[in-house]
Each structure stands twice: as C-alpha cells, then as structure tokens.
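Just so it is clear, none of the values below were taken in a lab; they were calculated from the coordinates. Predicted model, so just to flag it, every value in this text is computed and none were measured. When we count neighbours, we look across all protein chains shown, and the Cβ atoms used for this are built from the backbone with ideal geometry, even at glycine.
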Amino acid sequence: MADSQTRRYVISGRVQGVGFRWFVEREAGTIGVTGWVRNCKNGDVEVMATGTREQHITLRRKLQEGPRAARVDHVSESGEPLLETQSFRIEGVW
C-alpha cells in the first residue's frame, strides 16, 4: 500500500501476564495491520505495526483500552522506517 506507515507503540501499566499480546494480535488481524508485538524487560509491551493512518488510529484506540484484565497507564507512539511483513505475530521477549 502506498499510504502505509510503520508506527512503534510502547504500552505501560499492568500489561504483562494479562493476555495483552494475544489481544493485540487479535485486534491487529481484525484491523488489518501487519507487524509484531512483544514483552519488554521493564514490564512494558512493544508493538511495531504497519498500516494506513486510519488503521493506526483504530489500533491506538484499542491499545489504550487493552484487554479486560489489563490497566493501560500510557501509550507512546513514534514513526519508524517502513516494516515490510505480510502478517502480524507475537515475538519472543525482548
């Protein structure tokens, strides 16, 4: 897609041990973005996602909500070089 962009999201709060990565994988598939999600050493969750502006707006809203057991305190977002992948996956830790 010509209008695709890659964004990096870092989500902090109670986001590990609550199904956050599986939640992101499911939502990314529904939204249609590609990329990956993983846990960070410091307890955050990191997401790299490629999609349109509208898809990123929807994804960010979902990241701020999180799954029922999570508590999202903050979502940071930054632009990244285009990540070329055909799917969305859960990556290993760090």
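Contact order, relative form, for the chain: 46 percent (alpha carbon pairs under 8 Å, 6 or more residues apart, mean separation divided by residue count). Just to be sure I understand the curve: with the Debye formula and one point per C-alpha of the stretch 24-77, what is log10 I(q)/I(0) at q = 0.21, 0.25, 0.28, 0.31 Å⁻¹? Here log10 of I(q) over I(0) equals -0.78, -1.10, -1.33, -1.50. Geometric descriptor of the chain, per residue, is 85 Å³ (volume of the convex hull of the Cα atoms).
As a rough footprinting exposure proxy, the listed residues 3, 73 were ranked by other beta carbons within 10 Å of their own, and the order from fewest upward is 3, 73. Placing +1 on the Cβ of every Lys and Arg and -1 on the Cβ of every Asp and Glu, with no other charges, gives the stretch 5-83 a dipole of roughly 160 debye about its Cα centre.
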